[in-house]
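K.L.:
For reference, the structure I am asking about is given below.
The values are calculated or read from the model by the stated rules, or taken from the named source; none is laboratory data. Remember, it's a predicted structure, so these values are computed and weren't measured experimentally. Here the Cβ positions follow ideal geometry from the backbone for every residue, glycine too, while neighbour counts run over all protein chains shown. Quick note on the areas: whole protein, heavy atoms, side chains included, nothing else; ligands and nucleic acids left out. Shrake-Rupley method; radii C 1.70, N 1.55, O 1.52, S 1.80 Å.
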Amino acid sequence: MSRIVVNFMHGRGFIFNAEDYLKLRFEYRIVGNLIGVPVSHPRNVNQQGMPVALSAYEVKLLLDKEIITLVDKTGALQRVPSDEQSQQYGAMVEQQKQEMHMPVVEKRLEAFRKHMPRIIEGKRRKLLKSGVKEEDIHLDPEELLDQEKKRIMQEKFDQMVQIPLKYPLTLEFSECSIALSAQEDVKYRVFKSLWQQGGFITTGDAFGCDFLLYPGDPMCFHASHTVHVLAEGVSRKLDAKYLIRICRLSVVVNKLCVIAYVDESSDEVHFETLEWEGNVTNKGDTF
């Protein structure tokens with residue numbers, strides 16, 4: 001199985017190919033974060049499109065599972081293009097212009113064919129008024145069509161040149177890896193444990209937690225759990241105000257509150273589900 005290529009830039013992984021992203025999302029439950037503008041709705045600020053940014057935890061998981069190849073193209077992209085690369089890109093732009101021009105030409109010619117009888121009659125009358133005899137007038141529809149096509153091809157039209165989402169030319173690149181800090185490594189172990197249990201996982205910045213856990217694709221489901229990672233484990237005494245704060249927050253957003261940590265004695269990831277007294281609900285399986 002060929003691996004999916006993920007570009008590493010600014011500490012995150014980026015995917016520019018829509019098919020690769022759909023494969024990661026539907027086959028491996030990797031959600032990522034759409035950060036681009038959708039081509040069909042470029043002015044819609046409430047909808048995002050390609051490319052997709054992957055978190056460090058998602059990249060690390062995919063590398064461990066040998067699903068992706070992480071590459072660094074930063075150096076190659078920062079170099080000035082060679083003359084050959086500039087010519088290749090110029091040829092691609094010209095080809096794109098031609099592809100946009102031809103539908104306009106065909107539309108104009110179709111209108112010309114539709115009105116051909118009236119056009120021939122108009123030209124015949126004009127020739128008669130100029131003194132040309134009736135028997136000397138020979139108007140060939142195909143010849144007139146060729147003349148019109150040559151005239152249209154010389155006209156200039158307003159064109160929109162599409163900026164390629166993915167770098168269109170061949171680049172040299174090197175494979176790379178990703179390094180996590182001690183605290184990030186704890187969060188990664190929690191992320192990996194959650195992923196192995198099924199469901200979809202996203203970052204929880206918008207809800208004041210580390211991760212959000214979904215029973216299905218976030219496009220169809222709301223998050224069911226907020227996950228808070230104790231990077232220092234449970235050896236340190238927990239602050240009562242902290243527990244009250246995260247529990248109350250989960251009640252407000254109608255989700256279950258989960259505390260995750262790595263047990264120092266067994267070196268295993270543990271989960272504890274917290275419920276505000278009097279607010280016990282059935283939102284799914286607890287940890």
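K.L.:
Answer yes or no: is there a residue in the range 172-191 that is touching a His at 6+ places or on another chain (Cβ under 9 Å), farther than 30 Å from Val80 by Cβ and hydrophobic (A, V, I, L, M, F, W, C).
P.N.:
no
K.L.:
Can you find, within the range 264-287, the residue that is surrounded by the most Cβ atoms within 10 Å (Cβ to Cβ) among those that are modelled with pLDDT of 65 or more and touching a helix residue (DSSP H, G or I) at 6+ places or on another chain (Cβ under 7 Å)?
P.N.:
Val269
K.L.:
Which of the strands (runs of 3 or more DSSP E) found entirely inside the range 161-254 contain at least 1 residues meeting this: out of contact with any Ser or Thr (no Cβ under 9 Å at 6 or more places or on another chain)?
P.N.:
200-203, 225-229
K.L.:
Would you say Asp205 is among the acidic types (Asp, Glu) and over 25 Å from the mean Cα position of the chain (by Cα)?
P.N.:
So Asp205 does not fit the description; no.
K.L.:
Next question, about the same structure. Any residue at all in the range 31-49 that is free of Cβ contacts under 8 Å to residues at least 60 places away in the same chain, part of a helix (DSSP H, G or I), out of contact with any Asp or Glu (no Cβ under 9 Å at 6 or more places or on another chain) and farther than 25 Å from Ser174 by Cα?
P.N.:
no
K.L.:
Now for a separate question. In the range 196-219, what count of residues is obtained for those that are in contact with a Phe, Trp or Tyr (Cβ under 9 Å, 6 or more places away or on another chain) and on the phi < 0 side of the Ramachandran plot?
P.N.:
Selection size over the range 196-219: 15.
K.L.:
Kindly provide the set of residues from the range 206-223 that are closer than 15 Å to Val253 by Cα and either of a type in the set (Lys, Arg) or open to solvent by less than 20 Å² (accessible area, probe 1.4 Å) (or both), ordered by number.
P.N.:
Result: Cys209, Phe211, Leu212, Leu213, Ala223.
K.L.:
Can I ask one more? Where residues in the range 150-199 are open to solvent by 70 Å² or more (accessible area, probe 1.4 Å) and of a type in the set (Val, Ile, Thr), which of them is nearest to Arg108 (Cα to Cα)?
P.N.:
Here the answer is Ile163.
K.L.:
Now for a separate question. Output the number of the condition that Asn7 fails; it satisfies all remaining conditions of (1) surrounded by 11 or more Cβ atoms within 10 Å (Cβ to Cβ); (2) more than 19 Å from Leu171 (Cα to Cα); (3) not hydrophobic (A, V, I, L, M, F, W, C).
P.N.:
(2)
K.L.:
For the subset of the range 50-59 comprising residues that are touching a residue at least 60 places away in the same chain (Cβ under 8 Å) and of a type in the set (Gly, Ala, Ser), which member is surrounded by the most Cβ atoms within 10 Å (Cβ to Cβ)?
P.N.:
Among those that are touching a residue at least 60 places away in the same chain (Cβ under 8 Å) and of a type in the set (Gly, Ala, Ser), it is Ser55.
K.L.:
I would also like to ask the following. Could you tell me which of the residues Leu62, Leu70, Leu24 is assigned to a strand (DSSP E or B) and either assigned by the TED database to the domain that holds Arg189 or buried (at least 17 other Cβ atoms within 10 Å of the Cβ) (or both)?
P.N.:
It is Leu70.
K.L.:
Search the range 97-111 for residues that are of a type in the set (Val, Ile, Thr) and pair each with any residue that is open to solvent by less than 80 Å² (accessible area, probe 1.4 Å) when their beta-carbon atoms are under 7 Å apart and the residues are at least 6 apart or on different chains.
P.N.:
Once the first residue is of a type in the set (Val, Ile, Thr) and sits in the range 97-111, its partners that are open to solvent by less than 80 Å² (accessible area, probe 1.4 Å) give Val104/Phe157; Val105/Ile152; Val105/Met153.
K.L.:
Okay, moving on. For the range 241-250, what are the residues that are under 12 Å from Phe207 (Cβ atoms) and either of a type outside the set (Val, Ile, Thr) or exposed (fewer than 14 other Cβ atoms within 10 Å of the Cβ) (or both)?
P.N.:
Leu249, Ser250
K.L.:
Could you list, ordered by first residue, the pairs with Cβ atoms under 9 Å in which the first is in the range 237-251 and in contact (Cβ under 8 Å) with a residue 40 or more places away in the chain and the second is polar (S, T, N, Q), at least 6 apart or interchain?
P.N.:
Leu249/Thr226
K.L.:
State all residues of the range 19-37 that are in contact with a Pro (Cβ under 8 Å, 6 or more places away or on another chain) and among the β-branched types (Val, Ile, Thr); if no residue qualifies, say none.
P.N.:
Val31, Ile35
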